[in-house]
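The values are calculated or read from the model by the stated rules, or taken from the named source; none is laboratory data. Every value quoted in this text rests on a predicted model; they were computed, and no experiment measured them. Glycine also receives a Cβ, built like all others from the backbone with ideal geometry; neighbour counts cover every protein chain displayed. Ligands, DNA and RNA are stripped out before the accessible areas are found, and what is left, the full protein with its side chains, is counted by its heavy atoms. Shrake-Rupley method; radii C 1.70, N 1.55, O 1.52, S 1.80 Å.
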Amino acid sequence: MKTKIALGLRALALALAVTAAPAFAADDPVKIGFVVKQPEEPWFQDEWKYAEQAAKEKGFTLVKIGAPDGGQVLTAIDNLKSQHAQGFIICTPDVKLGPSIVAKAKIDKLKLMTVDDRLVDGAGNPIESVPHMGISASKIGEQVGEAIAAEMKKRGWKPEETGALRISYDQLPTAKERTDGAIAALTAAGFPKANVVNAPQAKTDTENAFNAANIAITQNPKYKHWIAFGLNDEAVLGAVRAAEGRNFRADNMIGVGIGGSKSALNEFAKAQPTGFFGSVLISPKRHGYETSVNMYEWIKNGKAPPQLTFTTGQLITRANAAEIRKDMGL
Ligand code: GLA
């Protein structure tokens, strides 16, 4: 009887010791996962690059994982757990995975932060408990629309003769906010809303944007000129390539993207200007470096990251890209 009680007490003490033990001991090596939805996209490669910089400076291990679909996200989280990571930052391939990602991180005792695309719950509302860094999507979309409107005016294009390609991906809230922002600025500048042609892309890459734009241009032969905007540079590049295929070149196309990384710079570096007029430069450094440092501080020193951060952007064109990127520390 006595031994039974003693054994019971011992088991209880052990169980308490396990639950009371801190998840992280001060001298444990810090390991942080950085999971992205589209590892081939320059934006995400840049984010990883700046996250690596943080890892070097702070002395933690960074585990980079590309996860283009939901299954791969869940595997990535388990994988991080088995590698003894203490937390991860993610840009998910589908924001509706929100509740599953939150649940999985909790079971695996991993700290969770999101970047770029904010998780939503079953009702489509942002999951506010997860610290997030994203771009000020509506504002940056407005900057795109303002840049296009100013260039149209400079060229003396008649709005009624101009079609607008809205390369859309409305299932992603930040994408919808960006393109809605562009439309708001364009219409405020007098662009007719009826001339906005919605061109939904099946995936957020150049190829899918190209296909979407191609259909939209073919179905609207009446326009003399085109303008284009979308979620990112890849979306606008797809539209620019499709327009070229229909003979709308630099003098009849004004596309303004969002990103300002390699995709945009390659375009500006071409000997002849293309329809890709500009891009709103956003900061992969803040999104990669700052989120990683925040996660490190959270794990190492228990300092919780800011709950919500929205970063800004700045228009770049062929004329000023190098200079502005330098000012931004890129
Ligand atoms: C989304 C887009 C990326 C990039 C980021 C910036 O994730 O898919 O191309 O624009 O937002 O936050």
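In table form, for the structure just shown:
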| item | result |
| --- | --- |
| Flag for residue 229 being aromatic (Phe, Trp, Tyr), touching a helix residue (DSSP H, G or I) at 6+ places or on another chain (Cβ under 9 Å), away from the ligand (no atom under 15 Å from the Cβ) and within 21 Å of residue 182 (Cβ to Cβ) | no |
| Failed criterion for residue 273 (all others in (1) touching a Phe, Trp or Tyr at 6+ places or on another chain (Cβ under 9 Å); (2) more than 16 Å from the ligand (Cβ to nearest atom); (3) open to solvent by 10 Å² or more (accessible area, probe 1.4 Å) hold) | (1) |
| Failed item in (1) over 18 Å from the mean Cα position of the chain (by Cα); (2) of a type in the set (A, V, I, L, M, F, W, C); (3) open to solvent by 40 Å² or more (accessible area, probe 1.4 Å), with residue 202 passing the rest | (1) |
| From 121, 170, residue being surrounded by fewer than 20 Cβ atoms within 10 Å (Cβ to Cβ), within 19 Å of residue 235 (Cα to Cα) and among the charged types (D, E, K, R) | 170 |
| Residue in region 73-92 that is under 19 Å from the mean Cα position of the chain (by Cα), farther than 19 Å from residue 130 by Cβ and within 16 Å of the ligand (Cβ to nearest atom) present | no |
| Conditions (1) modelled with pLDDT of 95 or more; (2) away from the ligand (no atom under 16 Å from the Cβ): number failed by residue 12 | (1) |
| Condition check for residue 258: in contact (Cβ under 8 Å) with a residue 60 or more places away in the chain and within 16 Å of the ligand (Cβ to nearest atom) | yes |
| Scope region 115-146; condition more than 10 Å from the ligand (Cβ to nearest atom), farther than 19 Å from residue 167 by Cα and not in a loop (DSSP other than H, G, I, E, B); matching residues | 120, 126, 132 |
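The rows are residues; the columns are (1) closer than 28 Å to residue 31 by Cβ; (2) touching a helix residue (DSSP H, G or I) at 6+ places or on another chain (Cβ under 7 Å); (3) open to solvent by 10 Å² or more (accessible area, probe 1.4 Å).
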{"residue": "256", "(1), (2), (3)": "no, yes, no"}
{"residue": "277", "(1), (2), (3)": "no, yes, yes"}
{"residue": "280", "(1), (2), (3)": "no, yes, no"}
{"residue": "301", "(1), (2), (3)": "yes, no, yes"}
{"residue": "308", "(1), (2), (3)": "yes, no, yes"}
{"residue": "316", "(1), (2), (3)": "no, yes, no"}
{"residue": "322", "(1), (2), (3)": "no, no, yes"}
